[in-house]
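The values are calculated or read from the model by the stated rules, or taken from the named source; none is laboratory data. For clarity, every value in this text was computed on a predicted model and none was experimentally measured. In this analysis, Cβ positions are derived from the backbone assuming ideal geometry, glycine residues included, and neighbour counts consider all displayed protein chains.
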Amino acid sequence: MSGPVALSVAADGIARIAVDNPPVNALSHPVRRALWDAVEAAEADRAVRLILLAAEGRTFPAGADINEFHAKPQDLWLPDLCDRIEACAKPVVAVLHGTALGGGFELALAAHYRLAAEDAQVGLPEVTLGLLPGAGGTQRLPRLAGGAAALEIMLGGRPVDAAQAQRLGLLDRVVRGDLSEAARAYARELLAADAGPRRTRDSRAGLRDTRAYMAAIRHHRAWLSDAPVPAPEKIVDCVEAALLLPFETGLAFERAAFEDCVTSDASHALRHAFLAERRAAKIPGRGSAAPRPVQRLGLAGGDPGLAAAALEAGLAVTLIAPDPEAATAEVAGHCAGVSAQGIPGDEAQVARLARLSATSDPAALAGADLVIAGRAQAGEALAHLSPEAVLAVAGAAAARGGGRVAGLYLPPAAEGGRLAEVLVAPETSPETAATLFAALRRLGRVALRCAGGPVGPAMSAAMLRAAGDMLLRGADPYRIDDALRGFGFALGPYERLDRDGQAAQAGALGVALARRGWTGRGAGRGVYRYDREAEPRVEDPEVLALLRALQAEGGRPQRSLSGDEIVQRMMAAAANAGAKLVDAGVVLRPSDVDVAMMLGQGFPRWRGGPMMLADQTGLLAVKRTLDILSEENPAFWAPAPLFAELIKNGRRFADLNGG
Ligand code: T1G
């Protein structure tokens, strides 16, 4: 049988159906079709006594194909395939390895028995995509593991290791060594015991303790946040339905709930975020430069969290610091499982910390494959860089220093620490970029390639400019912060300034606050720790000068803006700044801007980023907002030419994401 699924039948009557659809055996339409045909063929073949359902490559199917969701689903739907497997007249054993997730795990739940490699993981992470398990998972999982475990797995979206899954009744066997051999041995055991199909839909194991089950439902329902992402609430409803409704009715309930989720803006945004993060690392046209191996990281003036991540990833770390002992303790404090006193929790931590060496002598960097240095330490780092090594200069707009050097922007740790913007200069070699990308991915970072300057700070500055423009016309900084928090940011623009202890813009913000006599408190000049009950007082002479200038200009106060109008302006400014970055080639595609904003600037993930939001709003509408605002302040609000170009051709930012 050619194509993405192979069927083979051994002499002992054990058939093997294996999916082969790299990279993660996603259950695309061709795979579903081929799986259906293979199950039909195996069931009809009189020589077949039992069916093993497995996969080639790195993992058992890791889910439905996320790329398919934006289009109308093609028949044969995954739930129907799962029902067909469960209805098979011959025993079906799912053989799991890698990460059996989402629809892949639902396929396994529809099988009659499940066997997994000891390092396999299972899970239903659909909620991270604004979805719910739509192929029977919300009905089958509770029947095996109960309501509480099912809700934890589906609402948490995190994978469960094989041992835990077995304890929950989700796996029958967890095996070490040759998985294929173990699966055949288990199949022979089942045949010897004359074990026929065991349909999950008939299981009551997880439904018996109805009190505990409903208590879990109530508990999770009480904790549902009011974020406009429908999936969590619908997951709870579906799990409740699994207890209260007949199986087929529960499946229909799940199907309707899934439809509501998959068509929601939030899910569209979350799926966009998932794909955008993976697209960010692709650099078309620069060839498939092979990354150089990185086993030893040198850090000079770097973030101790980065050192800890490198140790967790198995790298050796050389730390250059004026006080090596204190630096070592600081890194240990960032390592998971190490106590506040720096005492490793177990031998794994001891081994990790043994790979850390700290010294004040920069010559030690000569042994590193990759050096990450602060701007102040870059000169010394370059002087000691070994010929094969790569240097990333943190905080550098676009590091200079030849092909082996790139800049690096790491957003504030408060933003989650998942992004690293790699700033490539014209002379940065493809190998250097590839080496940095690979190394940063090992450190758990999404690497984003940008040229000329970091994306996040440029976008953040544009949004602050937009806010400042509103302040100058009489808007209230608190209302601006409230509006952005209502939109989904954890903090408004001015609250972020305060959090990061950044000297507030002495321009618009300072002037506007001075106009209201807000006090300038906090560490040093220009940091505005304003609060609603502050005694009005002006402190900053520069602000006073700006205030006089403004009054001389006769700045026109604005009618107070609604929260929606504030958000509309801020989002228009963000989309405009993003379009300029795309136009300037700072980023390769609009979705890179979305990644920088979501992972580095606190943009709510369930909104998908400013570029995706502009597409959802409509580029013509966004351009109209910019045109209107341009009448007041053309220097800042004039729309980037890319708007007119896309609108003229009936295209959207999304159409440029292939680049
Ligand atoms: N569909 C399509 N492509 C996928 C994919 C998926 N489900 N998962 C991964 N890829 C691609 C990814 O874009 C990348 O592509 C490559 O595989 C490697 O991924 C009906 C509705 C499996 C843990 O949410 O969590 O089933 O860049 O870089 O770090 O109920 O991928 O190589 O071109 O992430 O080793 C539910 C999502 C779907 C799992 C591997 N499943 N995937 O991590 O590699 S919805 C998920 C992951 C669903 C049903 C519902 C991870 C991974 P490219 P990667 P990784």
| message | Condition check: surrounded by fewer than 21 Cβ atoms within 10 Å (Cβ to Cβ), acidic (Asp, Glu) and more than 15 Å from the ligand (Cβ to nearest atom). Does residue 45 satisfy that? | response | yes
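Return the residues of the range 254-279 that are of a type in the set (Phe, Trp, Tyr) and more than 10 Å from the ligand (Cβ to nearest atom); say none if nothing qualifies.
Selection gives nothing.
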| residue 225 being hydroxyl-bearing (Ser, Thr, Tyr), within 16 Å of the ligand (Cβ to nearest atom) and either under 30 Å from residue 447 (Cα atoms) or part of a loop (DSSP other than H, G, I, E, B) (or both) | no
| Quick one: which of 81, 76 is assigned to a helix (DSSP H, G or I) and more than 9 Å from the ligand (Cβ to nearest atom)? | 81
| said: I want to confirm something. Restricting to the range 641-656 and keeping residues that are more than 15 Å from residue 617 (Cα to Cα) and of a type in the set (A, V, I, L, M, F, W, C), which single residue is surrounded by the most Cβ atoms within 10 Å (Cβ to Cβ)? | reply: 642
| For residue 93: the one exception among (1) surrounded by fewer than 24 Cβ atoms within 10 Å (Cβ to Cβ); (2) away from the ligand (no atom under 11 Å from the Cβ); (3) of a type in the set (Val, Ile, Thr) | (1)
| field | Filter pass, residue 149 being more than 9 Å from the ligand (Cβ to nearest atom), outside any loop (DSSP other than H, G, I, E, B) and small (Gly, Ala, Ser) | value | yes
| request: Collect the residues in the range 48-59 that are more than 10 Å from the ligand (Cβ to nearest atom) and part of a loop (DSSP other than H, G, I, E, B), keeping them in residue-number order. | output: 48, 49, 56, 57
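If I filter the range 565-585 for residues that are basic (Lys, Arg), more than 22 Å from residue 270 (Cβ to Cβ) and crowded, with 24+ Cβ neighbours inside 10 Å, do I get at least one hit?
yes
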| Cβ pairs under 7 Å, 6+ apart, first in the range 41-67 and under 24 Å from residue 131 (Cα atoms) and of a type in the set (D, E, K, R), second in a loop (DSSP other than H, G, I, E, B) and within 16 Å of the ligand (Cβ to nearest atom) | 65/26; 65/28
| request: Would you be able to tell me the number of residues in the range 631-647 that are among the charged types (D, E, K, R) and either touching a Ser or Thr at 6+ places or on another chain (Cβ under 6 Å) or within 15 Å of residue 583 (Cβ to Cβ) (or both)? | output: 1
| message | Is it the case, given these coordinates, that residue 185 is out of contact with any helix residue (DSSP H, G or I) (no Cβ under 9 Å at 6 or more places or on another chain), of a type in the set (A, V, I, L, M, F, W, C) and assigned to a helix (DSSP H, G or I)? | response | yes
| request: List the number of the failed condition for residue 24; all other conditions in (1) within 15 Å of the ligand (Cβ to nearest atom); (2) in a helix (DSSP H, G or I); (3) not aromatic (Phe, Trp, Tyr) hold. | output: (2)
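Can you tell me which residue among 205, 300, 195 is more than 15 Å from the ligand (Cβ to nearest atom) and over 27 Å from residue 105 (Cβ atoms)?
300
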| said: One residue is enough: does the range 160-178 have a residue meeting the conditions modelled with pLDDT of 95 or more, touching a Pro at 6+ places or on another chain (Cβ under 9 Å) and more than 23 Å from residue 243 (Cα to Cα)? | reply: no
| query | Taking the range 367-426 only, how many residues are more than 27 Å from the chain's Cα centre (by Cα) and of a type in the set (D, E, K, R)? | reply | 6
| Filter result for residue 341 (at pLDDT below 90, more than 23 Å from residue 381 (Cα to Cα) and part of a helix (DSSP H, G or I)) | no
| message | If residue 68 satisfies all but one of (1) modelled with pLDDT of 95 or more; (2) within 13 Å of the ligand (Cβ to nearest atom); (3) within 23 Å of the chain's Cα centre (by Cα), what's the number of the condition it fails? | response | (1)
| remark: Output for Cβ contacts, cut-off 6 Å, separation at least six or different chains, first residue in contact (Cβ under 8 Å) with a residue 40 or more places away in the chain and over 15 Å from residue 200 (Cα atoms) in the range 72-85, second in a helix (DSSP H, G or I) and more than 11 Å from the ligand (Cβ to nearest atom), reads 74/29; 76/33; 76/36
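Quick one: count up the residues across the range 5-24 that are within 16 Å of residue 85 (Cβ to Cβ) and in contact with a helix residue (DSSP H, G or I) (Cβ under 7 Å, 6 or more places away or on another chain).
5
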| Is the range 213-221 home to any residue that is exposed (fewer than 14 other Cβ atoms within 10 Å of the Cβ), away from the ligand (no atom under 15 Å from the Cβ), not in a helix (DSSP H, G or I) and not assigned by TED's automatic domain parsing to the domain that holds residue 603? | no
| request: Can you confirm whether the range 373-381 contains a residue that is surrounded by fewer than 19 Cβ atoms within 10 Å (Cβ to Cβ) and over 23 Å from residue 453 (Cα atoms)? | output: no
| Looking at the range 486-500, which of its residues are in a helix (DSSP H, G or I) and either small (Gly, Ala, Ser) or buried (at least 16 other Cβ atoms within 10 Å of the Cβ) (or both)? | 486, 487, 493, 494, 495, 496, 497, 498
| note | The helices (runs of 4 or more DSSP H) lying wholly within the range 569-655 that contain at least 3 residues that are over 24 Å from residue 424 (Cβ atoms) and not charged (D, E, K, R) are 610-617, 619-632, 634-637, 641-648
| message | Step by step: first the residues of the range 100-112, then only those that are surrounded by 24 or more Cβ atoms within 10 Å (Cβ to Cβ) and more than 6 Å from the ligand (Cβ to nearest atom), then the one that is nearest to residue 66 (Cα to Cα). Which residue is that? | response | 104
| query | closer than 20 Å to residue 121 by Cβ, surrounded by fewer than 23 Cβ atoms within 10 Å (Cβ to Cβ) and touching a strand residue (DSSP E or B) at 6+ places or on another chain (Cβ under 7 Å), is that true of residue 65? | reply | yes
| task | Report yes if residue 212 is without any contact (Cβ under 8 Å) to a residue 60 or more places away in the chain and aliphatic (A, V, I, L, M), otherwise no. | result | no
| said: I'd like to know if the range 233-250 contains one or more residues that are among the aromatic types (Phe, Trp, Tyr), closer than 22 Å to residue 151 by Cβ and either modelled with pLDDT under 95 or crowded, with 21+ Cβ neighbours inside 10 Å (or both). | reply: no
| request: Report the residue count in the range 119-141 for those that are more than 7 Å from the ligand (Cβ to nearest atom), assigned to a helix (DSSP H, G or I) and β-branched (Val, Ile, Thr). | output: 2
| For the range 553-571, which residues satisfy the criterion of being among the acidic types (Asp, Glu) and modelled with pLDDT under 90? | 553
